[in-house]
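Notes follow once the structure below has been shown.
The values are calculated or read from the model by the stated rules, or taken from the named source; none is laboratory data. No experiment lies behind these values; they were computed from the predicted model shown. FYI the Cβ positions are ideal-geometry reconstructions off the backbone, even for glycines, and counts take in every protein chain you see. Each accessible area value is taken on the protein alone, full model and side chains, heavy atoms only, with ligands, DNA and RNA left out. Shrake-Rupley method; radii C 1.70, N 1.55, O 1.52, S 1.80 Å.
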Amino acid sequence: MLKKGSKLNSILTGSCPKCQNESMYSDKNPLHLTKVLKMNENCSHCGLKYQIEPSFFYGAMYVSYGLNVAVGIAAFIVSFVFLKATIGESFIAIVITLILLFPFVLRLSRNLYINMFVSYDPKAGLK
Ligand SMILES: [Zn+2]
């Protein structure tokens, strides 16, 4: 499912969207919160500049917004419908879920956003 060349591979692993040979982030672990947004400037395999234009990743905020709404709805359904929590408890569950998943949503939104603009190129990165 995560074979090289699929957009899903690049989105879920945070690898370079063009050659998928290396991670875009200088620290692959999103739980290292001080480095969650630290990205390499270029891909060392294909030379793709990740920051396609100045402030490119500001657009990822809109993707992040959509993802957070989806996460919030999922947390609400799980707590309110399946765990029979009250509205107040469900609200707290949503807030806790959003805080816990924040580093993952942040990176996922960046991965999704850059993959909307850059496609996989099997010839990229071959020297
Ligand atoms: Zn690359």
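Looking only at the range 106-114, decide whether some residue is within 16 Å of the ligand (Cβ to nearest atom), closer than 30 Å to Lys18 by Cα, touching a residue at least 60 places away in the same chain (Cβ under 8 Å) and more than 19 Å from the chain's Cα centre (by Cα). No, every residue in the range 106-114 fails to be within 16 Å of the ligand (Cβ to nearest atom), closer than 30 Å to Lys18 by Cα, touching a residue at least 60 places away in the same chain (Cβ under 8 Å) and more than 19 Å from the chain's Cα centre (by Cα). Of the residues that make up the range 77-94, is at least one surrounded by 18 or more Cβ atoms within 10 Å (Cβ to Cβ), among the β-branched types (Val, Ile, Thr) and more than 16 Å from the chain's Cα centre (by Cα)? Checked against the condition, which is being surrounded by 18 or more Cβ atoms within 10 Å (Cβ to Cβ), among the β-branched types (Val, Ile, Thr) and more than 16 Å from the chain's Cα centre (by Cα), the range 77-94 yields at least one hit. Of all residues in the range 14-51, exactly one satisfies the criterion of being charged (D, E, K, R), open to solvent by less than 60 Å² (accessible area, probe 1.4 Å) and more than 10 Å from the ligand (Cβ to nearest atom), namely Asp27. When you look at Pro54, is it open to solvent by 40 Å² or more (accessible area, probe 1.4 Å) and farther than 24 Å from Lys28 by Cβ, yes or no? Criteria met by Pro54.
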